[in-house]
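Report on one structure; see the data block that follows.
The values are calculated or read from the model by the stated rules, or taken from the named source; none is laboratory data. Source: prediction; values computed, not measured. Cβ placement follows ideal geometry from the backbone for every residue including glycine, while neighbour counts extend to all protein chains displayed. Side chains included, ligands, DNA and RNA excluded: accessible areas come from the protein's heavy atoms. Shrake-Rupley method; radii C 1.70, N 1.55, O 1.52, S 1.80 Å.
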Amino acid sequence: MVKEQRPMAQGGMAQGSFSHENSAMAIKSIQYESLLSTCTDHTGALELLKRHRPYMEVVPSLRRPQDSIVTLPLPNVRVRESVHLNLHGEAMEAGSVVTLPCDVGLLMCDPEWRIKTGVEIFVFIHRPQEDFSDLLLRWRHTQILTDRGYEWLLPQRYHYLLNDGSETSYPLFVLFPETPERILKGLNGAGLPAIVFPFDADDGQRLAVEDDMGLADFPDLEDIDSRLLEDG
């Protein structure tokens, strides 16, 4: 039986350049959905952050993740100013509500004072059929949408928190063992932190980015003291 030949993507490399050239097709929706639900749970979110030491160190209390991490799957925000995602598209008017293109927003909170510490981490899970440029563009769009001020649309159970967004945001990319190597390579080159799920020791040694990965892009993260809290 003759297999259908797929055209080479524009600017793509020759077939066989990567051992997992077509492995993006192997990522199943159930993998993405399962990981998304895992990240929505406080314990799962903490496990993600433990895989990238600079982020783990800004969690106010590792023993109380339910009080230290607010998890917002597919989060909505209200932009404070008009925003253009591209030159040819219509602007989003000030006050518009939009779903951020990240998969989960993680807000750090002091468990005693019950206020946000100002550290916000945007999680991007590698989606089925998604290549490097698609994944990176989601982070770029998130940067644009949050650049001029925004407010979180928080669930009612977090009514006591001020919903103002932070001035600085930090990304975390979560990949799968089936993720093409070019995606990890691209994130590495862009100075963006990435980890691999499931957290197998061999996969972690082979693919996970070093603990200090990405600090060149986010130098102020090293100086964050979770005991020094910002208002809201």
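For the range 24-54, give me each residue that is closer than 21 Å to residue 111 by Cα and among the basic types (Lys, Arg). Answer for the range 24-54, where residues must be closer than 21 Å to residue 111 by Cα and among the basic types (Lys, Arg): 50, 53. Of the strands (runs of 3 or more DSSP E) lying entirely inside the range 47-140, those containing at least 1 residues that are buried (at least 19 other Cβ atoms within 10 Å of the Cβ) are 69-73, 76-79, 104-110, 115-125.
All but one of (1) at pLDDT 95 or above; (2) closer than 17 Å to residue 76 by Cβ; (3) polar (S, T, N, Q) hold for residue 188; state the number of the condition that does not hold. Result: residue 188 passes all but (2). Condition first: outside any helix (DSSP H, G or I) and out of contact with any His (no Cβ under 8 Å at 6 or more places or on another chain). Can you find one or more residues in the range 172-179 that meet it? Yes: one or more hits. Among all residues of the range 170-178, there is at least one that is in contact with a strand residue (DSSP E or B) (Cβ under 8 Å, 6 or more places away or on another chain), open to solvent by 10 Å² or more (accessible area, probe 1.4 Å), more than 13 Å from residue 103 (Cα to Cα) and not charged (D, E, K, R). For the range 101-137, residues that are touching a Gly at 6+ places or on another chain (Cβ under 8 Å) and of a type in the set (Lys, Arg) total 1.
Output yes when any residue across the range 156-163 is at pLDDT 95 or above, more than 14 Å from the chain's Cα centre (by Cα), surrounded by 12 or more Cβ atoms within 10 Å (Cβ to Cβ) and under 23 Å from residue 100 (Cβ atoms), and no when none is. No: the range 156-163 contains no residue that is at pLDDT 95 or above, more than 14 Å from the chain's Cα centre (by Cα), surrounded by 12 or more Cβ atoms within 10 Å (Cβ to Cβ) and under 23 Å from residue 100 (Cβ atoms).
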